[in-house]
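See below for the structure under consideration.
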4 protein chains.
Amino acid sequence: MANSRYEYVRKFESDDTLLPGCWLVVRLDGKAFSKFSQDHAFSKPVDLRGINLMNSCAEAVMREFGDIVLSYGHSDEFSFVFAKDAQVFKRRAQKICTTISSLFAAHYVFQWYKYFPDMEMRYPPSFDARAVLYPADNILRDYLSWRQVDCHINNLYNTAFWTLVHRGGCTPDEASKELDGTLSDYKNELLFTRFNINYNDLPAVFRKGSILVKKVVEETIERTPGVFVQKRKRGFVVLYEDLIRDPFWADHPEILGELA
Amino acid sequence: MANSRYEYVRKFESDDTLLPGCWLVVRLDGKAFSKFSQDHAFSKPVDLRGINLMNSCAEAVMREFGDIVLSYGHSDEFSFVFAKDAQVFKRRAQKICTTISSLFAAHYVFQWYKYFPDMEMRYPPSFDARAVLYPADNILRDYLSWRQVDCHINNLYNTAFWTLVHRGGCTPDEASKELDGTLSDYKNELLFTRFNINYNDLPAVFRKGSILVKKVVEETIERTPGVFVQKRKRGFVVLYEDLIRDPFWADHPEILGELA
Amino acid sequence: MANSRYEYVRKFESDDTLLPGCWLVVRLDGKAFSKFSQDHAFSKPVDLRGINLMNSCAEAVMREFGDIVLSYGHSDEFSFVFAKDAQVFKRRAQKICTTISSLFAAHYVFQWYKYFPDMEMRYPPSFDARAVLYPADNILRDYLSWRQVDCHINNLYNTAFWTLVHRGGCTPDEASKELDGTLSDYKNELLFTRFNINYNDLPAVFRKGSILVKKVVEETIERTPGVFVQKRKRGFVVLYEDLIRDPFWADHPEILGELA
Amino acid sequence: MANSRYEYVRKFESDDTLLPGCWLVVRLDGKAFSKFSQDHAFSKPVDLRGINLMNSCAEAVMREFGDIVLSYGHSDEFSFVFAKDAQVFKRRAQKICTTISSLFAAHYVFQWYKYFPDMEMRYPPSFDARAVLYPADNILRDYLSWRQVDCHINNLYNTAFWTLVHRGGCTPDEASKELDGTLSDYKNELLFTRFNINYNDLPAVFRKGSILVKKVVEETIERTPGVFVQKRKRGFVVLYEDLIRDPFWADHPEILGELA
């Protein structure tokens, strides 16, 4: 039985090849994660186990896709930055996005018990993902800055909110009323004067989000007894740094240099 | 710290809204599943546990997306058919495809041990997905026929191949040589004359693939002792039928009738 | 000198192939035509010479593109309906739209003096065009109805407006104030009671716009002296009819029948 | 009569907004121009009147679209380069391309008799146009180089071909056979040794095509008798230069500087 009679239906498939020569960012977002985190008793304002699980899933994506030069994540989102000339899946948008979202979600379930050994997963999460192109280095940096500012805004709010609830005796409604419409300065001041918390002393992983990059690292190995050699290998590193200002990019010139 | 300075980067996001008024099919395919099934010792030519796991993941997708009127799967692929006027995620292609692929993959891992209780999952699988539009009922039917013919061709080949290997004493290379370029009739004949297998007697689930539809089913319930009532509820049904010919569509008029 | 070094730039061209199996409508709109018609002293509310010129340009487009089954125009716009399975330029949107817009505009200038023999063209007009897909017959009909209702609304307004100005002694501002926000009934009534104009008696070409279709017409030809034969030939016909209601489609079944 | 019932058909219009931050090139090509030029007795290999008409149409396009920083044309094609951040028509591809193609074609007819005063236009030409994005300056330069190399290859071939026909006594078939598959050196040599033509001495307008740019030019004006003032005004300049090598870009830094 030949299949040719029906194969014309392939002509209805459309081409979604992405423009070459642009930074290709795939941003992944958890679906209904505030409910998911509640249903699984995540610590508030931030659950370090959840962050580490997200980072581990992102690393799995980076292992699969060699063209990713940097990933940045916070909360329930992760952005994967592919090199400008990445030819991954011939730059077909849906193929790239769906493979990443499914791989990430599958790892999230697969690695769950490593990070939440005492918490049964009640149902699996899902993630959407979208591809966006950025034609120039400075626009890519602005994209990443946008996400890191978002991390800052959310984390400062959540820190103030949950501190009011956990330590200030507020109901969630009261905390929400107290904070809505306030500026960063107000929240910083509130944390400091009422709870003696200096926001900038909180762990960078909360305030800055997670930056994953590939790095060549040197190891000293004892090849044979008493013989030590330096070995260079490429590995993944998680950084919790400010990527908005220039120093980060000066320290890691290979990122915009496209792995040069 | 306002985020407005960087928010212009949103302008680089593109609109991938799908044309209204067309059947919207999302076809999902396993990535490197021949390796995955080998690494997890799937039965050959078909592993019923694997089929049931795939079907269960598809049902989870259908529970999440009420607009899916039919799903059809075989091997490592599944097609989800959304009603012509489905407004799911405003018909944004990447959002639909990535949510489905991630939900499916997450369920694949989540439900693994229910179907493979004795087999450790060595690594999680991934799936790609693509959206395709079909403007008319007959073209949608041709699409589904295309996939079912594909199921038939693959299953007949695999049945013949693995029968030659398991029972005919062939090496995989020899089996492959024996079959390459042969027509269906030849393989049917080979199975029958050499191994006394009537291909058409094999389980329909292998030969036809799995069709998932929502059905209103009637149940008889004993409401109070001795009092029986008929209750109608909507549930999922898996069918292993020929969907190429007309009878299937005559038996299930509500599918093309868009859930009417 | 080989050109291969630079040819990679072709990879930046994107594919804009339109979905098969859908009615393909190209709608063309004059750019700044109220100014153009003023600069060329068009009669108000409608200039029949302008309509005939537009229709003639549309016919030229239909001669070039055999796949167009119907065109509909009024004011400075024209819609060209291609058969569902038209393969024109492999259904590449920009190629189709730009060829039509340029051919139409070039004919507008080329045929100008045939319709405006006494009016010098001061500058050439331009037109934009866009391709839209309609997956089903009823939606295509709704599209055309949408345009014809638009024709009606505009023409009734313009008729009332210019009658107030030309015969009612109003300034344009006064006429505009008189009409803004009024319903059709009001304008009909105004025309009838104050100016004794029965709107429905105005020429259909003004009220209904122009529908161009291909028709097989019979001609009686005198082949040799005294010998008359019937000859069937395909020609273009302009109709000024209501295409919203069913009779039009019953009278011209070949249109939705895709030239069958 | 309200139009709302049908207005839903607008939802079938798709968004074709082009990515911001990229050079936007619209390339226009004459349809069947070898026939058009033959039907209108263009001089061979190149008709200077035709070139000047094309250039004049391109200038009209540039007057209409202030965001065009450079145009390049030869033969029956023209490329319009919009500034990276041009917001013309909100960067909607079809709107931009169709307006340009129609304006160009309309001017071609409108200005015809200025350049071909003795030649009746038998029918109007048409042009297609496509939008292509180039994310970086060097890729834009490669695009323009690609077109200028194409100009060179075609012009050298046509010069050799028509010299063989006009002065070498060849039939077109013979000339074609003589040249097919030969390299540039061969054609240069043939022109020189057999016809004493040094190809590089031919007018640059033939060999290099036409580059249109906006330039601020200084004029000396006699404001009142005996009082001369320098006046700076922006005007269009046609250049016939090599734009492949660096000097052109060094001489015109404002082009890639986006009109800075």
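The values are calculated or read from the model by the stated rules, or taken from the named source; none is laboratory data. Quantities reported herein were computed from a predicted structural model and do not represent experimental measurements. Every residue, glycine as well, gets a Cβ built from its backbone with ideal geometry; the counts of neighbours run over all protein chains shown. Only protein heavy atoms, including side chains, enter the accessible area calculation; ligands, DNA and RNA are left aside. Shrake-Rupley method; radii C 1.70, N 1.55, O 1.52, S 1.80 Å.
Region C:77-105: which residues show an accessible-area loss of 50 Å² or more, assembly versus chain alone, 1.4 Å probe?
Those are C:Q94, C:T98, C:S102, which lose 50 Å² or more relative to the chain on its own.
Label points 7 Å out from Cα along the Cβ direction at C:K215 and A:L183: separation in nm?
Here the answer is 7.4 nm between the modelled labels.
Label-point separation (nm) for A:N138 and A:D85, each offset 7 Å from Cα along Cα-to-Cβ?
It is 2.4 nm.
What does the charge count near B:R232 come to, summing +1 for each Lys or Arg and -1 for each Asp or Glu among other residues with Cβ under 13 Å from its Cβ?
Numbers: positive: B:K214, B:K215, B:K231, B:K233, B:R234; negative: B:E218, B:E219.
With Lys, Arg at +1 and Asp, Glu at -1, the net is +3.
Mind checking the log10 I(q)/I(0) for region A:131-193 at q = 0.19 Å⁻¹? Debye, one equal scatterer per Cα, no solvent, two decimals.
Debye curve over Cα of region A:131-193, log10 I(q)/I(0) at q = 0.19 Å⁻¹: -0.70.
Chains D and A: how much accessible area gets covered up at their contact, both sides added, probe 1.4 Å, in Å² to the nearest hundred?
Numbers: alone 14810 and 14840 Å², together 29200 Å².
Buried surface at the D/A interface: approximately 400 Å².
Looking at region D:107-190, which GluC sites (Glu not before Pro) are DSSP coil and have at most 10 other C-beta atoms within 10 Å of their C-beta? Please list the in-between numbers first.
Values: sites: D:E120, D:E174, D:E178, D:E189; in loops: D:E120.
Passing both the DSSP loop test and the Cβ count: D:E120.
As a check on your grasp of the helix formula, calculate [θ] at 222 nm for chain D: sum -39500 (n - 2.57) over DSSP H runs of n ≥ 4, divide by the residue count, round to the nearest 500.
Details: 10 runs with 111 residues, N = 260.
Dividing the helical sum by the residues of chain D leaves -13000 deg cm²/dmol.
Using only Cα atoms, locate the centre of region D:137-179 and the centre of region C:7-68, then give the distance between them in Å, rounded to an integer.
Answer, in whole Å: 35.
What is the sum of charges around C:C97, taking Lys and Arg as +1, Asp and Glu as -1, for the other residues whose C-beta is under 13 Å from the C-beta of C:C97? Could the numbers behind the result be given before it?
On the way: positive: C:R27, C:R91, C:R92, C:K95, C:R130, D:R92, D:K95, D:R130; negative: C:D16, C:D29, C:D128, D:E13, D:D16, D:D128.
The answer is +2.
Please report the base-10 log of the normalised intensity I(q)/I(0) for chain C, using a Debye sum with one equal scatterer per alpha carbon and no solvent, at each q in 0.08, 0.12, 0.14 (1/Å).
Once normalised to I(0) and log-transformed, intensities are -0.41, -0.84, -1.06.
Given +1 on the Cβ of Lys and Arg, -1 on the Cβ of Asp and Glu, and no further charges, what dipole in debye does chain B carry about its Cα centre, rounded to the nearest 20? Don't skip to the answer; put the middle values down first.
On the way: 33 positive and 35 negative charges, 162 e Å.
With only Lys, Arg, Asp and Glu charged at Cβ, the dipole is about 780 debye.
log₁₀ I(q)/I(0) of region D:2-90 at q = 0.12 Å⁻¹, via Debye over equal Cα point scatterers, no solvent, to two decimals?
Rounded to two decimals, the profile gives -0.56.
Note down the net charge around A:W146, summing +1 for each Lys or Arg and -1 for each Asp or Glu among other residues with Cβ under 11 Å from its Cβ.
On the way: positive: A:R27, A:R141, A:R147, B:R5, B:R10; negative: A:D142, A:D150, B:E7.
After counting each charged neighbour, the total is +2.
Leaving ligands, DNA and RNA out of it, work out the accessible area of C:C170 with a 1.4 Å probe and give it in Å² to the nearest 10.
Counting only protein heavy atoms, the figure is 30 Å².
Evaluate E = 1/(1 + (r/R0)^6) for D:D173 and C:Y123, where r is the Cβ-Cβ distance and R0 equals 35 Å; express this FRET efficiency to the nearest 0.05.
Details: r = 45 Å, r/R0 = 1.29.
Efficiency for this residue pair is about 0.20.
Shortest first and in nm to one decimal, what separations exist between D:R5 and its copies in the other chains, measuring from label points 7 Å along the Cα-to-beta-carbon line?
Here D:R5 shows inter-copy label distances of 4.3, 5.6, 6.6 nm.
What are the nm distances, shortest first, from B:K35 to its equivalents in the other copies, labels at 7 Å along Cα→Cβ?
Sorted ascending, the copy-to-copy spacings read 3.6, 5.4, 6.2 nm.
Probe radius 1.4 Å, ligands and nucleic acids ignored: give me the carbon and sulfur share of the accessible area of region D:15-146 as a rounded percent. Intermediate results must be reported in sequence, preceding the final value.
Numbers: 2010 of 4290 Å².
Ligands and nucleic acids excluded, carbon and sulfur reach 47 percent.
Which residues in region D:25-59 have a backbone N closer than 19 Å to a point placed 7 Å from the Cα of D:Y240 along the Cα-to-Cβ line?
Under 19 Å, as judged by backbone N against the label point of D:Y240, lie D:42-59 of region D:25-59.
Which aspartates and glutamates have a Cα less than 14 Å from the Cα of D:K31, not counting those fewer than 8 places away in the same chain?
C:E64, D:D39, D:D76, D:E77, D:D128
Can you give the direction-averaged projected area of the convex hull of the alpha-carbon atoms in region D:15-146, in nm²?
Values: hull surface 31.9 nm².
Mean orientational projected area (region D:15-146, Cα hull): 8.0 nm².
How much accessible area per residue does chain B have, in Å², with a 1.4 Å probe?
Values: 12020 Å² over 260 residues.
Per residue, chain B has an accessible area of 46 Å².
Going through region C:128-219, which trypsin sites (Lys or Arg not before Pro) have at most 15 other Cβ atoms within 10 Å and a DSSP loop state? Write down the numbers at each step before the final one.
Numbers: sites: C:R130, C:R141, C:R147, C:R167, C:K177, C:K187, C:R194, C:R207, C:K208, C:K214, C:K215; in loops: C:R167.
When the trypsin sites (Lys or Arg not before Pro) of region C:128-219 are filtered for loop state and at most 15 Cβ neighbours within 10 Å, C:R167 remain.
Find every distance from the label point of C:V217 to the corresponding label point in the other copies (7 Å from Cα along Cα→Cβ) and write them in nm, one decimal, shortest first.
Shortest to longest, the spacings are 5.3, 6.6, 8.4 nm.
Please report, in cubic angstrom per residue, the volume enclosed by the convex hull of the alpha-carbon atoms of the protein assembly as shown.
Details: hull volume 379.5 nm³, N = 1040.
With only Cα atoms used, the protein assembly as shown gives 365 Å³ per residue.
Considering only protein heavy atoms, what is the solvent-accessible area of A:D47 at a probe of 1.4 Å, reported in Å² to the nearest 10?
Result for A:D47: roughly 10 Å² accessible.
With chain C rotated onto chain D, spot the residue of C whose Cβ lies nearest the axis and note the distance in whole Å.
Of all Cβ atoms in chain C, the one nearest the axis gives C:V109, 2.
Under the 0.36 nm per residue contour assumption, what length would be gained going from the current alpha-carbon distance of A:A204 and A:R5 to full extension?
On the way: separation 199, 0.36 × 199 = 71.64 nm, distance 6.03 nm.
Working it through step by step, the gained length comes to 65.6 nm.
Accessible area of region A:153-247 with a 1.4 Å probe: how many percent of it is carbon plus sulfur? Write out the running numbers ahead of the final one.
On the way: 2990 of 5910 Å².
Carbon with sulfur: 51 percent of the solvent-accessible area.
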